[in-house]
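Enquirer: Would you mind keeping the following structure in view while I ask a few things?
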Amino acid sequence: MKERPVVPREEMLRQQEFMKLVCSQDQRPHSYHIVSMGCQMNERDSESIAGMLEQMGMVHAPVREDADLILYNTCCVRENAENKALGNVIWLKELKKVKPELMICVGGCMTQEKGMAAMMKARYPFIDLVYGTHNLYRLPEYVYRVLTQKRPVVEVVDTDGEIVEGMPEKRRNRFNAFVNIMYGCNNFCTYCIVPYVRGRERSRTPEAVIAECVRLQDEGAQEIMLLGQNVNSYRGGGAEFAELLQRIDRLGIPRIRFMTSHPKDLSDELIHAFGELKHLMPQLHLPVQAGSNEILRRMNRSYTREHYLDLVRRLRAVCPDIGLTSDIIVGFPGETLEQFEETMSLVRQVRFDAAYTFIYSPRKGTKAATYPDDTPYAVKSERIQRLIDLQQAIALEVLEAQVGKRETVLVEAVSTRDSHWVAGKTPRGHMVNFAGDPSLIGRFADVEITSAGRNTLRGRIINPEG
Ligand code: 5AD
Ligand code: SF4
């Protein structure tokens, strides 16, 4: 992977000047609300967006309708994500009728799609700002231009993307942080739009990544999640991903996780890291996408079912308790019933802790969108339901096997079901709910697992500082 230029420091300083200029405007937005759609990479971007907006003098409005500025950080990986974003935006037109000073911003993967910005400019003139994925760091300049020029700004640039260091940020919490290590994707899986909207792979230097981890550790991080579309092809300053992990492990942050991995790039070194690194959690998200070699070939995944199963075997040999999760696409163009059954049998063989399942969604500009697809949608729906039922039964068995164990849980939040309960993850990534005080949030607790639900575990606290 090529090393890409970093956006010059002067440019970042120029953006800081724009933040000050926005602050000095009389008629500027005073509050903001961000709607973050899609993956963790978008969530991480939303933390940078929040940081920039706060430096422009705005405060977070928990209720969208109360905000002076509403920003949609969009996703386009499947058509329904796009429809949801566009549906929301159309609704904002109504809100703007009663609140004319409202500033509406739309950015992220959807706006980066070919032709999308022009379409939005023509059809949704009430949107004040449209930007893409490569120029997010220029948000302060664009907000300033919207305020002073009093007309919409539409700026989507078509580049391979640069690395941006030193953006402001407002993290979702102190104890559990996302850290980007690389951006973009070079794989061109035939169904996937990501390489077109996020550009070519580019890695941050190990020094930049480590410096960020050290800073987060000083601020109280207990767990970091390293992020990239394909972290296994990380190449920063000559270092490979396994080397980067070793260096991060030495910092002593209690928990390290990463996503997403590509089976074709999962190295021996990385497999062994699960047996060797003290802080690397026994959990791996390893999207398989399909169980049929013919479908994998047409998806351009560059591995076979046998290779995938061998990876699983080797991972479990090194780390028997590793929790494996996956992404699976059902109804890829031309998928026969037999080929679908191969996905079912792979799922039975691997026994994932969890799998995210999707019906194939054609994305304009991708190769698979040109493949003939004669399977009726109803058949695809039926197939995915069978897969979901199978995976749920397996997940329940995996969860039931945890009952009676003692686990150290990093408490993340008050439980969604009961305010006297809290929820947090085991090393393997299972969510456990147990009776406990909100003051436990951000801390470790030793918990005995008492029962298993459909997607989560229940437990009983043994001591609050595991
Ligand atoms: N249709 C359905 N699912 C898709 N994914 C990516 N592109 C598509 C598409 N066109 C799924 C893949 C990927 C996950 C993030 O989204 O399973 O791993
Ligand atoms: Fe898309 Fe494939 Fe890249 Fe993942 S590895 S982002 S599925 S092209």
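The values are calculated or read from the model by the stated rules, or taken from the named source; none is laboratory data. Small disclaimer: the values here were computed from a predicted structure and weren't measured. When we count neighbours, we look across all protein chains shown, and the Cβ atoms used for this are built from the backbone with ideal geometry, even at glycine. When the accessible area is computed, the model is the full protein with side chains, heavy atoms only, and any ligands, DNA or RNA have been set aside. Shrake-Rupley method; radii C 1.70, N 1.55, O 1.52, S 1.80 Å.
Enquirer: Pairs, please: C-beta under 8 Å, at least 6 apart or cross-chain, first residue open to solvent by 30 Å² or more (accessible area, probe 1.4 Å) and in segment 113-129, second small (Gly, Ala, Ser) and assigned to a loop (DSSP other than H, G, I, E, B)?
Expert: Matching pairs, first to second residue: Lys114/Gly365.
Enquirer: Hey, among Arg363, Arg383, which residue is in a helix (DSSP H, G or I) and modelled with pLDDT of 95 or more?
Expert: Only one candidate qualifies: Arg383.
Enquirer: Scanning for something free of Cβ contacts under 8 Å to residues at least 40 places away in the same chain and within 16 Å of ligand 2 (Cβ to nearest atom), does segment 88-109 turn up at least one residue?
Expert: No, segment 88-109 contains no residue that is free of Cβ contacts under 8 Å to residues at least 40 places away in the same chain and within 16 Å of ligand 2 (Cβ to nearest atom).
Enquirer: Additional query: Write out, first by first residue and then by second, each pair whose Cβ atoms fall under 8 Å of each other, whose residues are 6+ apart or on separate chains, and whose first residue, in segment 3-19, is assigned to a loop (DSSP other than H, G, I, E, B) and of a type in the set (Val, Ile, Thr) while the second is at pLDDT 90 or above and open to solvent by 40 Å² or more (accessible area, probe 1.4 Å).
Expert: Val7/Glu165
Enquirer: Looking at Met58, Met37, can you tell me which residue is without any contact (Cβ under 8 Å) to a residue 40 or more places away in the chain and touching a Ser or Thr at 6+ places or on another chain (Cβ under 8 Å)?
Expert: Residue meeting the stated conditions: Met58.
Enquirer: Mind listing whichever residues of segment 197-225 are in contact with a helix residue (DSSP H, G or I) (Cβ under 8 Å, 6 or more places away or on another chain) and within 16 Å of ligand 2 (Cβ to nearest atom)?
Expert: Val197, Arg198, Glu201 - these are the residues of segment 197-225 that are in contact with a helix residue (DSSP H, G or I) (Cβ under 8 Å, 6 or more places away or on another chain) and within 16 Å of ligand 2 (Cβ to nearest atom).
Enquirer: Moving on. Restricting attention to segment 248-265, which residues are within 16 Å of ligand 1 (Cβ to nearest atom), modelled with pLDDT of 95 or more and either of a type in the set (A, V, I, L, M, F, W, C) or not in a loop (DSSP other than H, G, I, E, B) (or both)?
Expert: Within segment 248-265, Phe258, Met259, Pro263, Lys264 qualify.
Enquirer: Here's a check for you: in segment 336-363, which residue that is among the aromatic types (Phe, Trp, Tyr) and under 16 Å from Gly323 (Cβ atoms) is surrounded by the most Cβ atoms within 10 Å (Cβ to Cβ)?
Expert: Phe352
Enquirer: Any idea which of (1) open to solvent by 20 Å² or more (accessible area, probe 1.4 Å); (2) assigned to a loop (DSSP other than H, G, I, E, B); (3) in contact (Cβ under 8 Å) with a residue 12 or more places away in the chain is the one Cys189 doesn't satisfy?
Expert: (1)
Enquirer: Restrict the check to segment 195-212 and report whether at least one residue is touching a Phe, Trp or Tyr at 6+ places or on another chain (Cβ under 6 Å) and either of a type in the set (Gly, Ala, Ser) or within 16 Å of ligand 1 (Cβ to nearest atom) (or both).
Expert: yes
Enquirer: Okay, moving on. Can you pull out the residues in segment 11-61 that are surrounded by 20 or more Cβ atoms within 10 Å (Cβ to Cβ), within 29 Å of Asn80 (Cβ to Cβ) and β-branched (Val, Ile, Thr)?
Expert: Within segment 11-61, Ile34, Ile49 meet the criteria.
Enquirer: Within segment 307-322, which residues are open to solvent by less than 60 Å² (accessible area, probe 1.4 Å) and among the aliphatic types (A, V, I, L, M)?
Expert: Within segment 307-322, Leu309, Leu311, Val312, Leu315, Val318, Ile322 qualify.
Enquirer: Here is a follow-up. Return the pairs, sorted by first residue and then second, in which the second residue is in a strand (DSSP E or B) and modelled with pLDDT of 95 or more, the first residue lies in segment 437-466 and is within 16 Å of Ala413 (Cβ to Cβ) and aromatic (Phe, Trp, Tyr), the beta carbons are less than 8 Å apart, and the residues are 6+ apart or on different chains.
Expert: From residues that are within 16 Å of Ala413 (Cβ to Cβ) and aromatic (Phe, Trp, Tyr), the pairs are Phe444/Thr408; Phe444/Val409; Phe444/Leu410; Phe444/Val411.
Enquirer: Mind telling me which of the residues Asn42, Asn80, Asn88 ends up being within 22 Å of the chain's Cα centre (by Cα) and more than 16 Å from ligand 1 (Cβ to nearest atom)?
Expert: Result of the check over Asn42, Asn80, Asn88: Asn88.
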